[in-house]
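A short worksheet on the structure shown next.
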Amino acid sequence: MKKISKQVLIFVVFFILIGLLFSFASGAGKKVEDISLEKLVTQITNNEVASIEVNKEILSIKLKNGAEQKSRKEPSESLTELLNNFGVTPDKMTAVKIDIKAPSEGELFLLNILPFVLPIIIIAALIWFMMRGVQGANNKAMMFGQTQARDVNKEDKVKTKFADVAGASEAKQELTEIVEFLRDPKKFTDLGARIPSGVLLLGRPGLGKTLLARAVAGEAEVPFYSISGSEFVEMFVGVGASRVRDLFKKAKKNAPCIIFIDEIDAVGRRRGSGMGGSHDEREQTLNQILVEMDGFEVNSGIIVIAATNRPDVLDPALLRPGRFDRQVFLEAPDLASREAILKLHAASKPLAPEVSLHQVAKRTPGFSGADLANVLNEAAILTARLNHSAITMAELFEAIEKVMMGPEKKSRIITDEEKKIIAYHEAGHAIIANFLPGADPVHKVTIIGRGQAGGYTLKLPTEDRHLHPKSYFLDEISVLLGGYLAEQLVFGEVTTGASSDLRRATDIARRLVTDYGMSPDLGLRSFGDKEELIFMGHAAHDRDYSESTAERIDAAMIGFINLSRAKAEELLATHRHKLDLLAKVLLEKETIDKPEFDQLMKA
Ligand code: ADP
Ligand code: ZN
């Protein structure tokens, strides 16, 4: 907008200047009296006129007293003829010096040519301006690509070492080879070995993919270039590709080195499956990455490490030999690794002597390295707010829950009626969890809200498990329905508080049928293609089954849910007195820990 108005301004100024030029040329600038022809005639007969200069139809008159005047005649009529017609006698006429001025050659030229040439000049100027505008935008796009690539994060001296990554021993082992190569490529090339040029780190966020990639650079003491796939997805088509080119060019100059591409799934999505949007841009960027990687001379000393948590959506072209043919999977840390990660991050924090990081690790199954680091940080913040000098178990447990569910909402005002409903709802979950052998044991029940939840029942698995039997899932569904069913049983009505429970229960039931083949009447197969298309933020499964199968899947899901529901209803009815007792204690104390809970259940 600003640019356009500036151009318009230039044009306006241009025209005003031309206008002024013309008016000066025609002498309109001087202060000259305009007189009628009759007056001129009178002046001539009165012998007042000294000279008349005739310039086509304009008569410039000089009087004997020095004054200047101006008048007009018809251009076709000659002045003498005119004066004659007005009855000026020839002797009076001869007394006046009449100077007929023919237009100069330059003037003639301008007057004849200008009307044709001027529009052409104006149009040419317009086109030129417009072209310049477009070029400017292009230039900016190019510069944009470069500036972004220029601030690609380059670290010459990475201090991260493998010792800074706790656990993840398999991943470290895989990557040690890469480190050895970067340190001493000759050892490998002498034996004719082809070193992988691409390594793909797979795992959900927070598992330490970036950390590991940096550790590889740190161990090998080579520069580390990092860029995120999501940064590539810019608005100008072609910018991403130019940035990739630029990045690899810089890397080649500094080889051996590491290029780290975070979130490669942002550009490396299966081609042809994108829906709308910056599809083209992604494809070009991805193609450029592939071209660059294919263009490596064997053993060029550049190793590209890419990270993603969505291996299922990656373009198969990325995984071909010579590209990201090494894949390193990162899993959620197990008990020992969690303890190691906690130790690492606790090193800089004052812990009270009784603190057992082993206990903290036991309470945090499924936590990623980033979550654990966050737990220690939150615990330190809590300790500081309490003005204590060392972190105790209480702060650590509080921090675990905060990381898991969001901060406590003690100040939220709830009515007594609501409080009662929440107490029964949570008591419902807890009772079912307690009496079902397959479900995870209860560690804490509370009616103090946290994050989205009004209250919650904290259950933790006794050990890290990777395989779960069908009964585990059915029991989990029962526990999830426990809150809803307790409300139903006690108040004869349910509230909106059960919605997320229902969603999770439905999700488990769906997985039982579609992913785990645990429904006997649907046969041993999975349903729904795992290649998901993300559309408007929702994962839309590719349906690889018929409409009638879809109906059977729905029926099977409902079947599982009803089975779990019946079990839960039965348990609640049998243990109604325990339900009432738990709800009563919850209303009094708001929070019940595992020992007290176990005590109550035994009584
Ligand atoms: P990702 O790239 O997989 O999302 P990051 O490498 O960014 O994860 O990890 C985030 C943070 O979590 C790290 O900076 C580190 O503090 C912590 N972390 C994750 N995994 C580990 C680990 N195995 N050992 C120590 N710290 C870890
Ligand atoms: Zn609930």
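The values are calculated or read from the model by the stated rules, or taken from the named source; none is laboratory data. Predicted model only: the values in this text are computed from it and were never measured. Using ideal geometry, Cβ is built from the backbone for each residue, glycine included, and neighbour counts are taken over all protein chains shown. For the accessible areas, the whole protein counts, side chains as well, though only heavy atoms, and no ligand, DNA or RNA atoms are used. Shrake-Rupley method; radii C 1.70, N 1.55, O 1.52, S 1.80 Å.
Which of the residues spanning segment 187-226 are β-branched (V, I, T) and either open to solvent by less than 10 Å² (accessible area, probe 1.4 Å) or within 13 Å of ligand 1 (Cβ to nearest atom) (or both)?
Selection gives V199, T210, V216, V222.
Each row is one residue, and each column tells you yes or no for (1) within 24 Å of G206 (Cβ to Cβ); (2) modelled with pLDDT under 85; (3) out of contact with any Asp or Glu (no Cβ under 8 Å at 6 or more places or on another chain).
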site	(1), (2), (3)
T364	yes, no, no
L376	yes, no, yes
I381	yes, no, yes
L386	no, no, no
A399	yes, no, no
I413	no, yes, yes
H425	no, no, no
I431	no, no, yes
L460	yes, yes, no
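Out of S356, S337, which single residue is of a type in the set (S, T, Y) and away from ligand 1 (no atom under 16 Å from the Cβ)?
Residue meeting the stated conditions: S356.
Test I381 against the criterion of being in the same structural domain as L342 (by TED's automatic domain parsing) and open to solvent by 60 Å² or more (accessible area, probe 1.4 Å), and give yes or no.
When the stated conditions are applied, I381 passes them.
Among the residues of segment 490-501, how many are surrounded by fewer than 17 Cβ atoms within 10 Å (Cβ to Cβ) and not β-branched (V, I, T)?
5
Only one residue in G497, G537, G523 is in contact with a helix residue (DSSP H, G or I) (Cβ under 8 Å, 6 or more places away or on another chain) and modelled with pLDDT under 90, so which one is that?
The match here is G497.
Of the conditions (1) open to solvent by 10 Å² or more (accessible area, probe 1.4 Å); (2) modelled with pLDDT under 80; (3) more than 17 Å from A317 (Cα to Cα); (4) under 15 Å from the mean Cα position of the chain (by Cα), R282 clears all except one; give me its number.
Just one mismatch for R282, condition (3).
List every residue pair whose Cβ atoms sit under 9 Å apart, with the two residues 6 or more apart in sequence or on different chains, where the first one lies in segment 164-176 and is within 13 Å of I341 (Cβ to Cβ) and in contact (Cβ under 8 Å) with a residue 60 or more places away in the chain and the second, anywhere, is open to solvent by 80 Å² or more (accessible area, probe 1.4 Å) and more than 6 Å from ligand 1 (Cβ to nearest atom).
As it stands, the answer is A166/K343; A168/E331, since those pairs meet every condition given.
Report yes if E354 is buried (at least 17 other Cβ atoms within 10 Å of the Cβ) and either more than 16 Å from ligand 2 (Cβ to nearest atom) or free of Cβ contacts under 8 Å to residues at least 60 places away in the same chain (or both), otherwise no.
The answer is no for E354.
Considering only residues that are part of a loop (DSSP other than H, G, I, E, B) and without any contact (Cβ under 8 Å) to a residue 40 or more places away in the chain, look in segment 394-424 and name the one that is farthest from E378 (Cα to Cα).
Only one residue tops the list, namely T415.
Considering segment 158-177 alone, what residues qualify as being more than 10 Å from ligand 1 (Cβ to nearest atom) and crowded, with 22+ Cβ neighbours inside 10 Å?
Correct list: L175 only.
Name the residue that is farthest from P469 (Cα to Cα), counting only residues in segment 425-445 that are part of a strand (DSSP E or B) and away from ligand 2 (no atom under 12 Å from the Cβ).
Ranking the candidates gives K444 first.
Each row is one residue, and each column tells you yes or no for (1) closer than 24 Å to R338 by Cβ; (2) more than 16 Å from ligand 1 (Cβ to nearest atom); (3) polar (S, T, N, Q); (4) open to solvent by 30 Å² or more (accessible area, probe 1.4 Å).
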position: A430; (1), (2), (3), (4): no, yes, no, no
position: F435; (1), (2), (3), (4): no, yes, no, yes
position: A439; (1), (2), (3), (4): yes, yes, no, no
position: H443; (1), (2), (3), (4): yes, yes, no, yes
position: I447; (1), (2), (3), (4): no, yes, no, no
position: G455; (1), (2), (3), (4): no, yes, no, no
position: L458; (1), (2), (3), (4): yes, yes, no, no
position: H466; (1), (2), (3), (4): yes, yes, no, yes
position: P469; (1), (2), (3), (4): no, yes, no, yes
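Does any residue in segment 469-498 that is assigned by TED's automatic domain parsing to the domain that holds Q452 come within less than 7 Å, Cβ to Cβ, of a residue that is away from ligand 1 (no atom under 16 Å from the Cβ) and aromatic (F, W, Y) six or more places away or on a different chain, and which pairs are these?
Qualifying pairs under 7 Å: L474/F560; I477/F560; A486/Y424; E487/Y424; V490/Y424; V494/Y484; A498/Y484.
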